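First the structure, in the form of structure tokens, and then the observations on it.
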Amino acid sequence: MLLDDASAEFHDFFERHYAELARLAHLLTGEKDAADDLAADALVALWQRWDRLRTAQHPVAYARGVVANLAREWIRSAVRERRRVALFWSRSPEQLDGPDVAGVLDVRAALTRLPFRKRACVVLRHALDLSEKETAAALGISVGTVKSQTSKGMAELERILGAAAVGELAAGRRNR
């Protein structure tokens, strides 16, 4: 039966790629619980289109793009909610005393400081070890944009974390 074949193929796809998609969502959002939900939501969206995606050349690239888009929307929603809460509870303007040193040392915290596109490029290239072409396909941007956004993102991470820490991150990618 066609439905059984499609179900089995999707189940296999789910088993092979769920952990990677959840990891991508976690690195993009910085929230483990949200990452699991986003990965699940992405897979639900994929299942709804599975009849077309199962014959696609790179369904996992499409899945990564869905996760990236869902993460972007989640971040935007979280920012809007934080602003509403801050406006409701604050009686004086918010003051920033300076960077949180412990947070600067944490790569995940540093990643959350990057704009979404730079963060997505850095995560896909360095954490998931995708090629520039695969990253471009996942995000729906050009290879040149991937190169520039990754370079700029790594430069910002270097500013936040220090050159030695970023050098270790890049070296870890090369040694994989």
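Things worth noting here:
- Shape box of the stretch 102-161 [Cα atoms, principal axes, largest first, Å]: 35, 18, 14
- Cα-Cα pairs of the stretch 1-57 separated by more than 13 Å (percent): 61
- Shown here: the stretch 29-75, whose C-alpha atoms stretch 32, 15, 15 Å along the first, second and third principal axes, sorted largest to smallest.
Readers should treat all values here as calculations from the given coordinates under stated rules, not as data from a laboratory. For clarity, every value in this text was computed on a predicted model and none was experimentally measured.
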